[in-house]
Amino acid sequence: MVSNRDIIGSYDQLKPGDAIEAFHGSVLVHRGPITDVAPDQDLLWILDTLTGSRRVLDTSELEIVRLPTHHREVLVGLPGY
């Protein structure tokens, strides 16, 4: 699985619709599609499939990995989003 990882070095490479995993150390803490980005503030918002809620992530504290296209999840029609 490590060979499938696309570790993001510059967050201006990310855009809404990209699916990511966020790690703190070696622990997976968030996974899901990006809904919004603010690269100048090191922030991005995702629909976290681990918790089922929308999350804002401070990318300065996390390692962000873009998932390959065939792993991306589509969440349509979630209440409140």
### Query
Shape call for segment 1-61 from the C-alpha gyration tensor, a ≥ b ≥ c root eigenvalues: rounded (a/c under 1.5), prolate (a/b greater than b/c) or oblate?
rounded
### Query
Using alpha-carbon pairs under 8 Å, 6+ residues apart, how would you state the relative contact order of segment 16-73 in percent?
37
### Task
Pull up all non-local amide H partners of LEU50: gap of 5 or more, or a different chain, and H-to-H distance under 5 Å with H placed in the peptide plane.
ARG31
### Task
Amide H neighbours of ASP6 under 5 Å, at least 5 residues apart or on other chains, H built in the peptide plane: list them.
ARG66
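Read-outs throughout are calculated quantities, based only on the coordinates presented, and are distinct from any laboratory measurement. Quantities reported herein were computed from a predicted structural model and do not represent experimental measurements.
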